[in-house]
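The values are calculated or read from the model by the stated rules, or taken from the named source; none is laboratory data. Please read all numbers here as calculations on a predicted model, not as lab measurements. So basically every Cβ, Gly included, is an ideal-geometry build from the backbone, and we count neighbours across all protein chains shown. Side chains are part of the model used for accessible areas, which takes the heavy atoms of the whole protein and leaves out ligands, DNA and RNA. Shrake-Rupley method; radii C 1.70, N 1.55, O 1.52, S 1.80 Å.
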Amino acid sequence: TLVFNNPTALYEGLGPVALSQIVNFTPPQPTPPESFNALSFVNVGERRLGSLEETDALSHARASTPADAYALNLKAKETVTMRLSSAFNTYLYLFGDETGKELVAANDDQGVETTNAEIVFTAPEAKTYYLEVTAHNRRDRGNYTLEVIASAVNQAPHAYSFEFPTDKLVAPAT
(Lines give C-alpha, C1' and ligand atoms only; values in the text may rest on other atoms or scores of the structure.)
Protein backbone atom coordinates (compact mmCIF):
# COMPACT_ATOMS: atom_id res chain seq x y z
CA THR A 1 0.00 0.00 0.00
CA LEU A 2 1.36 3.39 -1.02
CA VAL A 3 0.46 6.19 1.37
CA PHE A 4 1.14 9.82 0.50
CA ASN A 5 1.93 12.11 3.40
CA ASN A 6 1.28 15.16 1.25
CA PRO A 7 -2.17 15.07 -0.35
CA THR A 8 -1.17 17.91 -2.68
CA ALA A 9 1.14 15.51 -4.53
CA LEU A 10 -1.79 13.30 -5.53
CA TYR A 11 -3.45 15.87 -7.76
CA GLU A 12 -0.68 18.30 -8.78
CA GLY A 13 -0.41 17.02 -12.35
CA LEU A 14 -4.14 17.00 -12.99
CA GLY A 15 -5.67 19.87 -14.89
CA PRO A 16 -8.88 21.63 -13.87
CA VAL A 17 -10.98 19.61 -16.34
CA ALA A 18 -9.75 16.29 -14.92
CA LEU A 19 -10.27 17.49 -11.36
CA SER A 20 -13.85 18.47 -12.16
CA GLN A 21 -14.54 14.91 -13.37
CA ILE A 22 -13.53 13.32 -10.07
CA VAL A 23 -16.70 12.68 -8.06
CA ASN A 24 -16.83 13.90 -4.45
CA PHE A 25 -13.28 15.21 -4.51
CA THR A 26 -12.29 18.63 -3.29
CA PRO A 27 -8.52 18.95 -3.09
CA PRO A 28 -7.02 20.93 -0.23
CA GLN A 29 -6.26 24.48 -1.27
CA PRO A 30 -3.14 26.40 -0.26
CA THR A 31 -3.82 29.14 2.28
CA PRO A 32 -0.86 31.49 1.87
CA PRO A 33 -0.56 35.06 3.05
CA GLU A 34 -2.10 37.70 0.77
CA SER A 35 1.26 38.48 -0.85
CA PHE A 36 4.99 38.02 -0.57
CA ASN A 37 5.63 40.73 2.00
CA ALA A 38 8.73 41.58 4.02
CA LEU A 39 10.96 39.57 1.69
CA SER A 40 14.69 39.63 1.48
CA PHE A 41 16.24 39.91 -1.95
CA VAL A 42 18.56 37.28 -3.35
CA ASN A 43 21.05 38.32 -6.03
CA VAL A 44 22.41 36.54 -9.07
CA GLY A 45 25.65 34.87 -8.02
CA GLU A 46 24.55 34.50 -4.39
CA ARG A 47 24.31 31.40 -2.21
CA ARG A 48 21.78 31.72 0.59
CA LEU A 49 21.53 29.39 3.58
CA GLY A 50 18.10 29.10 5.14
CA SER A 51 15.91 26.93 7.29
CA LEU A 52 12.38 25.72 6.71
CA GLU A 53 10.54 26.01 10.04
CA GLU A 54 7.08 25.24 11.38
CA THR A 55 6.48 28.96 11.98
CA ASP A 56 7.19 30.00 8.35
CA ALA A 57 4.37 31.40 6.22
CA LEU A 58 2.47 28.82 4.18
CA SER A 59 3.24 28.08 0.54
CA HIS A 60 1.35 29.78 -2.28
CA ALA A 61 1.29 26.49 -4.21
CA ARG A 62 1.40 23.58 -1.73
CA ALA A 63 -1.40 23.04 0.78
CA SER A 64 -0.41 23.29 4.46
CA THR A 65 3.30 23.40 3.65
CA PRO A 66 5.59 26.04 5.20
CA ALA A 67 7.74 28.04 2.78
CA ASP A 68 10.39 30.75 2.66
CA ALA A 69 10.22 33.39 -0.06
CA TYR A 70 12.79 35.61 -1.75
CA ALA A 71 12.59 38.42 -4.29
CA LEU A 72 14.87 38.33 -7.35
CA ASN A 73 15.40 41.21 -9.79
CA LEU A 74 16.15 40.07 -13.34
CA LYS A 75 16.88 41.95 -16.56
CA ALA A 76 15.06 41.14 -19.78
CA LYS A 77 16.54 38.03 -21.47
CA GLU A 78 18.74 37.30 -18.45
CA THR A 79 19.11 33.54 -17.88
CA VAL A 80 19.65 32.20 -14.38
CA THR A 81 19.78 28.79 -12.74
CA MET A 82 18.13 28.55 -9.33
CA ARG A 83 19.21 25.50 -7.28
CA LEU A 84 17.71 24.35 -4.01
CA SER A 85 19.37 21.56 -2.03
CA SER A 86 18.73 20.02 1.37
CA ALA A 87 18.58 16.75 3.28
CA PHE A 88 14.79 16.81 2.74
CA ASN A 89 12.95 16.62 -0.60
CA THR A 90 12.90 20.22 -1.81
CA TYR A 91 10.41 22.04 -4.03
CA LEU A 92 11.11 25.36 -5.77
CA TYR A 93 8.54 27.75 -7.27
CA LEU A 94 9.07 30.92 -9.30
CA PHE A 95 6.23 33.44 -9.43
CA GLY A 96 5.92 36.48 -11.66
CA ASP A 97 3.73 38.51 -9.33
CA GLU A 98 3.70 39.58 -5.70
CA THR A 99 0.43 37.77 -4.93
CA GLY A 100 1.75 34.30 -5.87
CA LYS A 101 -0.94 33.73 -8.48
CA GLU A 102 1.24 33.91 -11.63
CA LEU A 103 3.28 30.70 -11.51
CA VAL A 104 6.16 30.99 -13.97
CA ALA A 105 8.11 27.79 -13.22
CA ALA A 106 8.31 25.00 -10.67
CA ASN A 107 10.57 22.03 -10.00
CA ASP A 108 10.56 19.15 -7.56
CA ASP A 109 13.54 17.00 -8.57
CA GLN A 110 16.21 18.25 -10.95
CA GLY A 111 17.02 14.69 -11.98
CA VAL A 112 16.15 11.05 -11.45
CA GLU A 113 18.69 10.39 -8.70
CA THR A 114 18.16 13.52 -6.61
CA THR A 115 15.56 15.23 -4.45
CA ASN A 116 17.07 18.68 -5.01
CA ALA A 117 15.16 21.23 -7.08
CA GLU A 118 16.46 23.31 -10.00
CA ILE A 119 14.88 25.87 -12.34
CA VAL A 120 16.64 27.33 -15.38
CA PHE A 121 14.78 30.47 -16.40
CA THR A 122 15.17 33.24 -18.97
CA ALA A 123 13.30 36.38 -17.94
CA PRO A 124 11.02 37.60 -20.74
CA GLU A 125 11.00 41.07 -19.21
CA ALA A 126 12.90 43.08 -16.63
CA LYS A 127 11.07 42.89 -13.29
CA THR A 128 11.05 41.41 -9.82
CA TYR A 129 10.31 37.68 -9.63
CA TYR A 130 9.47 35.78 -6.45
CA LEU A 131 11.10 32.49 -5.42
CA GLU A 132 9.36 30.18 -3.00
CA VAL A 133 11.43 27.54 -1.19
CA THR A 134 9.43 24.67 0.26
CA ALA A 135 9.33 20.90 0.70
CA HIS A 136 7.59 18.17 -1.25
CA ASN A 137 6.46 16.60 2.02
CA ARG A 138 4.52 19.12 4.06
CA ARG A 139 6.03 17.77 7.29
CA ASP A 140 9.68 18.17 6.22
CA ARG A 141 11.73 20.85 7.99
CA GLY A 142 15.40 21.69 8.09
CA ASN A 143 18.27 23.64 6.61
CA TYR A 144 18.62 24.30 2.89
CA THR A 145 20.92 26.03 0.41
CA LEU A 146 19.53 28.26 -2.35
CA GLU A 147 21.84 29.31 -5.18
CA VAL A 148 21.08 31.73 -8.01
CA ILE A 149 23.68 31.35 -10.74
CA ALA A 150 24.16 33.33 -13.95
CA SER A 151 23.58 30.82 -16.72
CA ALA A 152 24.76 30.59 -20.32
CA VAL A 153 21.85 28.36 -21.38
CA ASN A 154 20.38 29.23 -24.79
CA GLN A 155 23.21 31.59 -25.67
CA ALA A 156 25.39 31.34 -28.74
CA PRO A 157 28.74 29.59 -28.16
CA HIS A 158 31.95 31.58 -28.31
CA ALA A 159 33.86 31.21 -31.60
CA TYR A 160 37.66 31.21 -31.57
CA SER A 161 39.96 31.51 -34.57
CA PHE A 162 41.91 28.40 -35.39
CA GLU A 163 45.02 28.24 -37.56
CA PHE A 164 46.04 25.01 -39.20
CA PRO A 165 49.42 25.27 -40.96
CA THR A 166 49.47 23.03 -44.01
CA ASP A 167 53.08 23.57 -45.12
CA LYS A 168 54.53 21.14 -42.54
CA LEU A 169 52.18 18.20 -42.91
CA VAL A 170 53.79 14.78 -43.20
CA ALA A 171 51.90 11.85 -44.64
CA PRO A 172 52.37 8.54 -42.85
CA ALA A 173 54.49 5.92 -44.62
CA THR A 174 52.55 3.15 -46.25
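Quick one: pull the percent of accessible area on the range 49-115 belonging to carbon and sulfur, 1.4 Å probe, ligands and nucleic acids left out.
Accessible surface attributable to carbon and sulfur in the range 49-115 totals 48 percent.
Once you order the gyration tensor axes a ≥ b ≥ c over the Cα atoms, which shape class does the range 87-150 get: rounded for a/c under 1.5, otherwise prolate or oblate by comparing a/b with b/c?
Prolate shape, in that a/c is at least 1.5 and a/b is the bigger ratio.
Projected onto the charge dipole of the range 74-129 (+1 at Lys/Arg Cβ, -1 at Asp/Glu Cβ, origin at the Cα centre), which of Asn107, Gly96, Ala117 gives the Cα projection farthest towards the positive end?
Projecting each Cα onto the dipole axis, the largest value belongs to Gly96.
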